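As structure tokens, the structure follows; a few thoughts come after it.
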């Protein structure tokens with residue numbers, strides 16, 4: 001199996017958006033109410049993805065020529081880490097996390113990220129600790145709850 005992580009180019013915005021939206025709309029409804037899922041979907045808009053790509057912050061995981069995942073690294077923050085649902089549980093998310101952590105720890109002593117319910121357990125196992133709990137009001141009277149987590153080198 002040939003795995004490579006490459007920096008996303010402007011032409012890759014559509015695939016980053018597709019991976020992000022498909023994952024949100026497939027996985028998140030199992031954990032969050034409709035209003036929160038809609039918030040996540042809007043939050044990871046094409047405009048934000050294009051901006052992050054133009055800033056050189058977005059990476060793609062390609063496996064045997066197919067793009068299966070993405071991660072955004074902005075300073076010491078890991079953002080927008082998504083693996084296509086049909087490609088989950090194969091170590092691809094771990095590969096993206098290993099890459100992002102190595103990149104950040106080469107310049108910073110701490111990593112921070114916003115943990116969704118589906119990913120929180122993974123981050124705890126990797127040595128992250130909760131530093132803040134947040135609740136955002138979403139549509140339909142729903143709420144989006146998440147933790148800010150930190151890992152220290």
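The distance from the alpha carbon centre of the range 20-79 to that of the range 107-153 is 15 Å, rounded to a whole number.
What the Cα convex hull of the chain gives, in volume per residue, is 106 Å³.
At 1.306 mPa s and 10 °C, plugging the Kirkwood radius over alpha-carbon pairs of the range 54-112 into Stokes-Einstein gives what diffusion coefficient in µm²/s? Calculated translational D: 135 µm²/s.
No value in this document is a laboratory result; all are computed from the given coordinates. The structure presented is a predicted model; accordingly, all values stated were derived computationally and were not measured.
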